[in-house]
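Undergrad: Got a structure for you, written out below as structure tokens; questions coming shortly.
The values are calculated or read from the model by the stated rules, or taken from the named source; none is laboratory data. Here the structure is a predicted model, which means the values were calculated and not measured. Note: ideal-geometry Cβ built from the backbone for every residue, glycine included; neighbour counts use all protein chains shown. What goes into the accessible areas is simple: the full protein's heavy atoms, side chains included, and nothing from ligands, DNA or RNA. Shrake-Rupley method; radii C 1.70, N 1.55, O 1.52, S 1.80 Å.
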Amino acid sequence: MNEKEYMLRAIALAEQGAGWVNPNPMVGAVIVKDGRIIGEGWHRRFGELHAERNALASLTESAEGATLYVTLEPCCHYGHTPPCTEAILEHRLSRVVIGSRDPNPLVAGKGAKLLRQHGIQVEEDFMREECDALNPVFFHYITTGRPYVVMKYAMTLDGKIAAYTGASQWITGETARAHVHSLRGRYSVIMAGIGTVLADDPMLNSRREGSHQPVRVIVDSGLRISPDSRICRTAGEQDTIVACAKCNLEKAKVLEQLGVKVVCLPGADGRVDLQALMSYLGKEKLDSVLLEGGGKLHEAALRAGVVNHVCAYIAPKLLGGAEAKTPVEGVGADHPDHAVRLEKQKITRLGEDLLLEYDVTEGMNNVYWNR
């Protein structure tokens, strides 16, 4: 194996922490001595040992003089666990190869600097692009204090998320639907609007075996959700938040007795203030949101400027219908030049369907619509 392959192995290990380490980053580490891997590990769960310490715990022989390949700069501060730099020094490694730089102010170059000060050879930015791709959620959250928001929807090739009758099951095939459940397990929150809840009575969970279950957040300005809905009836099993703009104290009490947390965040337009909701979720250490709203909530989120990434599942079907629902409703942009701009395309084939992914161009997601 060569150095690139060692780092690719570290990246693959890091991926195994998806959904379990939030709001920490996914990190993988591989220890190599005389051309042999003698230890490897990843950050498995929030609050548990970091990747470097797990790799050192798995050593098959002394790591003295070995090289550590790690996807993110080793931490140098005390948190839930002791600093990884301390363990690296204790085991007398001679070289550390780092993929991503850590924007966390508690680390941010200090880990690499400390290692160099103790005579360890440090190489930074090795396969940085590939390593950075692991943690857009962490990078966004640690620098803004707000969750990274992924807007997800499934539509036909003519842009319909349901037939004119409202029927939407199923737009995409089984492979794409299974992929959605794996996606739900990666993020801290799954968010939907009250319209989706009233129409479909969904569970909003991940049905992938062994998957992390996200916190459910329902945007319900008028607090219309029924205590008999499946979401409310299972609130004791899966953390559930209902964000409203008009708080009926009597109904809120009923919901809270079921285990639902009711949060009142009114905006100037009489609807839930989505910017305030993101600030609230960030303070609750919820670092990411999978937004599975209907067209109204998607439009509101885009207009509020909170969307960072778009996942569009495209089915090879044509539904037609002037009144059939589309992924983004509202008034929309008044000209193609004023559209929300997307970049960094990724295409994945899922059975007969396609998944198209894009980042929302930074600083552009609500500039044009607010003209």
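Undergrad: Have a look at the chain and give its Rg and Dmax from the Cα atoms, expressed in angstrom.
TA: 22.7, 69
Undergrad: Report the FRET efficiency, 1/(1 + (r/R0)^6), for GLU90 and GLU209, where r is their Cβ-Cβ distance and R0 is 30 Å, rounded to 0.05.
TA: 0.20
Undergrad: Let me ask another. Dipole of region 124-245, Cα-centred, from +1 at each Lys and Arg C-beta and -1 at each Asp and Glu C-beta, to the nearest 20 debye?
TA: I would put it at about 380 debye.
Undergrad: If I model a spin label as a point 7 Å beyond the Cα along the Cα-Cβ vector, how far apart are those points for ARG230 and THR60 in nm?
TA: 4.7 nm
Undergrad: Count the net charge of all other residues whose Cβ sits under 15 Å from the Cβ of ILE171, scoring Lys and Arg as +1 and Asp and Glu as -1.
TA: -1
Undergrad: Still on this structure, I have one more. If I model a spin label at GLU237 and GLU323 as a point 7 Å from the Cα along the Cα→Cβ vector, what separation in nanometres do I get?
TA: For GLU237 paired with GLU323, the spin-label model returns 3.7 nm.
Undergrad: Sticking with this structure for a sec: Of all DSSP beta bridges located in the chain, what percent are antiparallel, nearest 5?
TA: Numbers: 24 of 60 bridges.
Roughly 40 percent of the beta bridges in the chain run antiparallel, per DSSP.
Undergrad: With both bridge residues required to lie in region 201-322, what share of the DSSP beta bridges run antiparallel, to the nearest 5%?
TA: Details: 1 of 10 bridges.
Once the DSSP bridges in region 201-322 are tallied, antiparallel ones form about 10 percent.
Undergrad: May I ask you to give the percent of accessible area on the chain that is carbon plus sulfur, with a probe radius of 1.4 Å?
TA: Carbon and sulfur atoms account for 49 percent of the accessible area of the chain.
Undergrad: Something else: For LEU157 and GLU362, FRET efficiency with R0 = 22 Å and r from the beta-carbon atoms, rounded to 0.05?
TA: E(calc), rounded to 0.05, equals 0.15.
Undergrad: Further question on the same structure: On a 22 Å Cα-Cα criterion, which of the cross-link pairs LYS152/LYS346; LYS246/LYS296; LYS152/LYS344; LYS4/LYS110; LYS261/LYS283; LYS110/LYS285 come out too long?
TA: Over 22 Å Cα-Cα: LYS4/LYS110; LYS110/LYS285.
Undergrad: Along the three principal axes, how long is region 52-138 when you take its alpha carbons, biggest first, rounded to the nearest angstrom?
TA: That works out to 35, 26, 25 Å along the principal axes.
Undergrad: Okay, moving on. Could you tell me which residue out of VAL30, MET7, GLY173 lies farthest along the dipole of the chain toward its positive end? Charges go on the beta carbon: Lys and Arg +1, Asp and Glu -1, centred on the Cα centre.
TA: GLY173
Undergrad: Continuing with the same structure: Whole number in Å², please: accessible area per residue of the chain, 1.4 Å probe, ligands, DNA and RNA not counted.
TA: Details: 17610 Å² over 371 residues.
For the chain, the solvent-accessible area averages 47 Å² per residue.
Undergrad: Given 0.36 nm per residue, what is the gain on full extension from LYS253 to ASP201 after removing their alpha carbon distance, in nm?
TA: 16.6 nm
Undergrad: Follow-up. Can you check how the C-alpha radius of gyration of region 217-335 compares to 2.2 N^0.38 Å, as a plain ratio?
TA: That ratio works out to 1.18.
Undergrad: While we're looking at this one, here's another question. Could you order the peptides 191-197, 139-145, 247-253 from most to least packed, using the average number of other C-beta atoms within 10 Å per residue?
TA: On the way: 191-197: 22.6, 139-145: 16.7, 247-253: 13.0.
Per-residue Cβ counts within 10 Å, averaged per peptide and sorted highest first, yield 191-197, 139-145, 247-253.
Undergrad: Now for a different question. Every cysteine in the chain with no other Cys Cβ under 4.7 Å from its Cβ, please list them in numeric order.
TA: CYS75, CYS76, CYS84, CYS131, CYS232, CYS244, CYS311, each lacking another Cys Cβ under 4.7 Å.
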